[in-house]
1. Sorted from largest down, what three extents in whole angstroms do the Cα atoms of the chain have along their principal axes?
2. May I ask you to order 7-19, 31-43 by the average number of other C-beta atoms within 10 Å around their residues, highest value first?
3. Considering Cα pairs under 8 angstrom that are at least six residues apart, work out the relative contact order of segment 3-111 and quote it in whole percent.
4. Between 0 and 90 degrees, rounded to the nearest ten: what's the tilt of helix 49-61 against the longest Cα principal axis of the chain?
């Protein structure tokens, strides 16, 4: 086989591998998105493309944290949200109060 044919075959193999990889990634993302939608609901309409890709993956990878109680005793605890308080600040205060375990993950869920 001459050099030109070898390069053509190699290029064809590389393109085929890339296409198979893209199809696999797409199928994996659809499966993850479907499961996240089932567990957490539909995403917000105004999310950016980056958020639409990152948030479902983050929620999927950390769903065990989201579904595990921060406190095992289950006792009711008061929590006041001040008017105009940002989502990030509320999440940080919830984590500091021991009501959630991960403020950033909870913020992702709220925005999602």
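Read-outs: derived from the displayed coordinates by stated rules, not from any lab. Small disclaimer: the values here were computed from a predicted structure and weren't measured. Ideal geometry is used to build each Cβ from the backbone, glycine not excepted, and the neighbour counts take in all protein chains shown.
1. 77, 31, 23
2. Numbers: 7-19: 10.2, 31-43: 13.4.
The densest-packed peptide leads the list: 31-43, 7-19.
3. RCO, segment 3-111: 24 percent.
4. Long axis of 49-61 versus the principal axis of the chain: about 70 degrees.
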